[in-house]
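J.: Questions regarding the structure given below will be posed in turn.
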Amino acid sequence: MNARAFDPASASIVIVTFNRSHLLSGLLTSIRAMDPKPGRVIVIDNASVDDTTAVVDGFRDSIGTEIVYRRLETNTGGSGGFSEGMRTAYDLGSEWIWLMDDDVEVLPDGLAKMGKWAPRFKSIQGRRYDYDGSEFYWQYRIAERMGIPIPFAPSKFDASGFKEMNSGCFEGMFIHRSIVQRIGLPDPRFFIYWDDQMYGWLASRQTTAVIVDEFVLRRTREIRQWDMGIRHMNASSNAYRYYIMRNRAFIKHYYRTHRVYHPVLFGLGTAATFAKELIRLFFVERTVRGTSNLFRGLRDGGRIGRDRTWQPMPALEGGA
């Protein structure tokens, strides 16, 4: 284990954005107020057509650290954006890579809080406040063979200040380059959904991955929710409904590669995912329209799942 003191300059914040320059501006403003700051901020723009480029340029002289801006030619989704952002940070020599969407802000001491755990762990998830200031509950463990989150895993922390996790969330994942080298880049083929869970699961097979009792982010965008007590269920979209079902095929392929695939249990996980999306439609969005996207995702996922030429993302040069 690397027990060296954490150097904030060794970290890069990677932001993926798409046509939300007002949210990106808020995040960059929060980074400007950070103490300490990261060595660089990498902004991956998924081919926005708003004023994102101008907003980024407007922060270059005032943010207090280097900004690296990459505007992609097409919208590659969150998955493609984080894959490109991870690649950029890795190629620039970053020791630590902190991933986040554009709809959060960083608390001023966020990097210091994450860095406190860096000598002990190499895949770390911090905590987040929701839009209304409440404590956001993130599903940090999955039922592995089913490939789905455990929605009511214990939320309280003991005196250790951390919990082991076997999942991941790109809204705050803090990961060391040595783990990226071993498991490769995030898989852009997911486009959206399940990509970060899969990446966190792969990381947990290489190192002790943890969620720590440190609030480091705050969401800045309000999302319609159904309050279920310990957790919330957010509103979704037709695109999410399609990809959440289609991308089960990618999880299946990764599980086959790592020899943990159990057809019956994984099938139950897929059925539970389908049922959850129906509940989301009925109780959060108050509609029955959109079910066709679930069936379309299942159909296309079935075709992908039968493709025996499919290969997972490779390790990077020198990785295991």
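J.: Every residue in region 243-292 that is at pLDDT below 95 and within 22 Å of G80 (Cβ to Cβ), please.
T.: none
J.: Starting from region 144-163, take each residue that is β-branched (V, I, T) and list its partners that are assigned to a strand (DSSP E or B), counting only C-beta distances under 9 angstrom and pairs at least six apart or across chains.
T.: Final answer for the pair search is I148/I142; I150/I142; I150/A143.
J.: Let me ask something additional. Could you grab me the full set of residues in region 99-123 that are aliphatic (A, V, I, L, M), more than 12 Å from I13 (Cα to Cα) and not in a helix (DSSP H, G or I)?
T.: Of everything in region 99-123, those that are aliphatic (A, V, I, L, M), more than 12 Å from I13 (Cα to Cα) and not in a helix (DSSP H, G or I) turn out to be V104, L107, A118.
J.: Among the helices (runs of 4 or more DSSP H) contained in region 1-98, which hold 2 or more residues that are touching a residue at least 40 places away in the same chain (Cβ under 8 Å) and not hydrophobic (A, V, I, L, M, F, W, C)?
T.: 21-32, 77-91
J.: Name every residue in region 172-183 that is buried (at least 20 other Cβ atoms within 10 Å of the Cβ) and not β-branched (V, I, T), in order of residue number.
T.: Answer for region 172-183, where residues must be buried (at least 20 other Cβ atoms within 10 Å of the Cβ) and not β-branched (V, I, T): G172, M173, F174, H176.
J.: Then there's this: Could you please give the count of residues in region 204-235 that are modelled with pLDDT of 75 or more and assigned to a strand (DSSP E or B)?
T.: Residues in region 204-235 being modelled with pLDDT of 75 or more and assigned to a strand (DSSP E or B): 11 in total.
J.: Sticking with this structure for a sec: Tell me which residues, restricted to region 33-58, are buried (at least 16 other Cβ atoms within 10 Å of the Cβ) and either of a type in the set (A, V, I, L, M) or within 19 Å of T220 (Cα to Cα) (or both).
T.: M34, V41, I42, V43, I44, D45, T52, V55, V56
J.: Out of all the residues in region 262-275, which are in contact (Cβ under 8 Å) with a residue 12 or more places away in the chain and within 19 Å of Y242 (Cα to Cα)?
T.: F266, L268, G269, T270, A272, T273, F274
J.: Here is a further query. Could you please let me know if I124 is under 20 Å from I183 (Cβ atoms) and either in the same structural domain as E222 (by TED's automatic domain parsing) or buried (at least 23 other Cβ atoms within 10 Å of the Cβ) (or both)?
T.: Taking the combined requirement at face value, the residue satisfies it.
The values are calculated or read from the model by the stated rules, or taken from the named source; none is laboratory data. This is a predicted model, so every value here is computed, not measured. Positions of Cβ are generated from backbone atoms using ideal geometry, with glycine treated the same way; all protein chains shown enter the neighbour counts.
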